[in-house]
Structure formats: C-alpha cells, structure tokens
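In what follows, a single structure is set out as structure tokens and then discussed.
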Amino acid sequence: MSLQCGIVGLPNVGKSTLFNCLSNAKAQSANFPFCTIEPNVGVITVPDERLNALAEIDHPKRLIPATVEIVDIAGLVKGASKGEGLGNKFLGNIRETDAILHVLRCFDDDNITHVDGSVNPLRDKEIIDTELQLKDLETVESRLAKLEKQAKTGGDKQAALVVSVLQAYKEALGKGLNARTVHFEKKEEQEAAHDLFLLTAKPVLYVCNVDEASAVNGNAYVEQVREAVASEGAGILIVAAKIESEIAELETYEERQMFLEEIGLEESGVNRLIRAAYALLNLETYFTSGADETRAWTFVKGSKAPQCAGIIHTDFEKGFIRAEVIKYDDYIALGSEAAVKEAGKMSVEGKEYVVQDGDIMHFRFNV
C-alpha cells in the first residue's frame, strides 16, 4: 500500500530537518523560507521488533519491513489560500497526501528567524488551519453551487445527500472549525464526505519541535498546543529535531542509544513519529514468514482476510479460499510453524475473518 504523510508548517519551524531525520533522502535545510520548493518524498521503514523476532526463528533470505511515504512540503504563509507565497503548490501537494504531520515551532533560538517575528505555536497553527479552511470552504461552496439546483429540481437523491454533507461542512468551516470535527452517522454520508477530499478532513498529528532541554517533558509552548488541540481529538508528539538529526549521523546503534540515554530518552523521536504516523493512517501489520522471506504487510484496521490477501496479489483476493492464521505470541513461544500446528494453535479462517495486528498469515486461493 502506498500511503503518504505530508509534513507541513510555516517556514523555519524544522520541517526539513525532521524530514532528513526520517528519510535517507536529504532535503535542503537552510535558514530561509521556501528552501524546499518541490516536495521531497522519502520512503521510511516502520520500526517493528516483531519482524526481527520472526526472522530469528525462520532465518529468511530476505527481510522486508512495512513502509510509509513521508512528503516534505514547502512552507506555507498567510494568504496561501489566495496564492500567496507558494500557496497553490503547497495546497496541491497536501491534497495528495493521506494524513498531515503538522510541525509547530516550540523552541526559542535567536539565530533562527521566524517568518512572523516571534515564537508562538498557537498563532502558527491558526495560520495553517485558517488557510486550509479557506481553501476547503472555497471547494465546498463551489460544489454546492453546482449541486443545490440539481438536488431541488432534478429529484436527484444522491445530489441531495451530497448537498447535506456539504452544508454541514460549510457551517463548520464558517465557524473556523476543521472539517475533521464534523461526524456523519450514515455510511452513505461518510462515503460522500470522503470523496470530497477536503484538506482539513485529513487526520493530523501535531509535532512539537522543541530544544534539547525539552525533549523529554516538553515545555510551556507544548502545553499551550496540547490544550488548544484537545477538542480536535488530534495527537501530539514531542520531538527535538535538531538533536534527532545529530543522533541520525551516528554510525552505530550503540552510539545512538547512548546519546538517547544521556538526554533521558528510551527511544528516538523519529521512531515514535513513524509509528504515530502509521497509527494516524489507521494502519496495522500482518506477517508472512518462511525460509525465503519474512515480510510485514500493511493493511487498514478492520480489513477482512480476502482484502488482506489482495494486498499481496489481486489473484489472492479473487480466488480466496481460506486463510491459515497463527497468532504472533504463539509463533514466538512455540518456535516454529510445525510446533504451532502440533499444538493445535493454527486456525483456519474464512472470508469474514477480520485480520488482527500481528497475525501470521498463509492464504489458500484458486484462480
């Protein structure tokens, strides 16, 4: 599955520094706005110790982790919805992503200029939110103008459904609320809402970029952000991007762990961010494992066995017969597929089985 998270924020908040930590692709990072003009795309692996544990049992020729694409998008400024700065390019790039990593500057440093002259993460958040909301409102009003007449005079039930969804969004956006705060009960409404691809309907994780002293517990800026986004149901992650970039330069795992321990962290912020992005997209992992390959496969939480089989190959879904499922804990505890079978711990599941995170799967199919 090719899924993307877009890193957004005002200029000089640490987006490209963070991107460089996340990916082997090196975005230009400099102390001036718009140094990232074309979106930089990096494919990052999702840290998962379960994959390594399975490999220790099966000793495969290949080890393939799950991945997520991260897109570093040019900094946005006030007026972007009307084309200011690189507004139109920014908005076009973010529309193509599945989720948003919104970086907020939560550190003081006189050597790094702020586009608005002072550090204020709530003001920065509001600028981004407002520009995205204005663009969404423009989209909603344009669609309404086309569909309202059709719904009234043509008796088109689908048009009437979409109009009701658009009106709900228009009301929220008009109040300065993001589209993700609007919830629909009916499946038809949810599908219509999804098809609008509104910018502020995308799931968001607020990444508070702090200094080294605040890397563990955050600071007053972080607390302001936490309080401001509580009603959104959005996540917050504290990352010291500058320190993370220094950690990323160290050659060995042992050196990186020593550095983390020195500043009081058990795990790098980069790893936490990758997993948070994965969860933000409502993704989970199942595994296939054997002598040739141990691999993590990404699926949307709640997917059934045939859909998960189709991730490997469409023929697997078309000709799905059954799935042989081993729970991860059983595989690790018993040490081999043969031992699992002998213990009666392998289950055979049909088309209605909802795949669980960590399942080890073998699909039977016939085309």
Requested in this report: Identify, among ASN120, MET361, HIS59, the residue whose Cα sits farthest towards the positive end of the charge dipole of the chain, taking +1 on the Cβ of Lys and Arg and -1 on the Cβ of Asp and Glu, with the dipole about the Cα centre.
Outcome: MET361
**Report entry** Hits among aspartates and glutamates - C-alpha to C-alpha of LYS318 under 18 Å, sequence gap 8 or more where chains match
**Finding:** GLU349, GLU352
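Pairs to check: LYS149/LYS304; LYS61/LYS351; LYS61/LYS345; LYS186/LYS327; LYS146/LYS202; LYS15/LYS135. Give those whose C-alpha atoms are more than 29 Å from each other in this structure. Could you put the intermediate results ahead of the total?
Working: LYS149/LYS304 40 Å; LYS61/LYS351 31 Å; LYS61/LYS345 26 Å; LYS186/LYS327 34 Å; LYS146/LYS202 24 Å; LYS15/LYS135 22 Å.
Where the Cα-Cα span goes over 29 Å, the pairs concerned are LYS149/LYS304; LYS61/LYS351; LYS186/LYS327.
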Query raised in the report: Considering only protein heavy atoms, what is the solvent-accessible area of GLU189 at a probe of 1.4 Å, reported in Å² to the nearest 10?
Result: 40 Å²
Query - Dipole of the chain, positive direction: furthest Cα of ASN20, ILE311, ALA248, with charges on the beta-carbon - result: ILE311
Query raised in the report: Please state the relative contact order of the chain as a whole percent: Cα pairs under 8 Å, 6+ residues apart?
Result: 18 percent
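For the stretch 142-250, with only Lys/Arg (+1) and Asp/Glu (-1) charged at the beta-carbon, what is the dipole magnitude about the Cα centre, in debye rounded to 20? Numbers along the way, then the final one.
Details: 13 positive and 16 negative charges, 177 e Å.
Here the size comes out at about 840 debye.
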Query - J(HN,Hα) series, the stretch 47-54, from Karplus relation 6.51 cos²θ - 1.76 cosθ + 1.60, nearest Hz, glycine and proline x - result: x, 7, 5, 4, 5, 5, 5, 5
Requested in this report: Order these peptides, 270-279, 10-19, by their mean beta-carbon neighbour count within 10 angstrom, highest first.
Outcome: 10-19, 270-279
**Report entry** Distance between modelled label sites at GLN356 and GLU261, nm, 7 Å Cα→Cβ extension
**Finding:** 3.5 nm
Query raised in the report: Of all DSSP beta bridges located in the chain, what percent are antiparallel, nearest 5?
Result: 50 percent
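Pairs of Cα atoms under 8 Å, at least six residues apart: use those to get the relative contact order of the stretch 302-365, whole percent. List each step's numbers first, then the result.
Working: 99 pairs, mean separation 31.9, N = 64.
After rounding, I find 50 percent.
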Query raised in the report: Along the stretch 177-193, what does the Karplus equation 6.51 cos²θ - 1.76 cosθ + 1.60 (θ = phi - 60°) give for ³J(HN,Hα), rounded to whole Hz, x for Gly and Pro?
Result: 9, 6, 4, 5, 7, 8, 10, 10, 7, 7, 4, 5, 5, 4, 5, 5, 5
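So for MET258, MET346, what's the accessible-area order with a 1.4 Å probe, most first? Present the calculation step by step, with values, prior to reporting the outcome.
Details: MET258 115, MET346 45 Å².
Per-residue accessible area, sorted high to low, gives MET258, MET346.
Per residue, how much accessible area does the chain have with a 1.4 Å probe, in Å²?
Values: 18200 Å² over 367 residues.
Heavy-atom accessible area per residue stands at 50 Å².
Peptides 54-63, 320-329: what's the order by average Cβ count within 10 Å, highest mean first?
On the way: 54-63: 14.0, 320-329: 18.1.
Top to bottom by mean Cβ count within 10 Å: 320-329, 54-63.
The values are calculated or read from the model by the stated rules, or taken from the named source; none is laboratory data. These numbers were taken from a predicted model, which means no experiment stands behind them. Backbone-built Cβ (ideal geometry, glycine too); neighbour counts: all protein chains shown. Heavy atoms of the whole protein, side chains included, go into the accessibility calculation; ligands, DNA and RNA do not. Shrake-Rupley method; radii C 1.70, N 1.55, O 1.52, S 1.80 Å.
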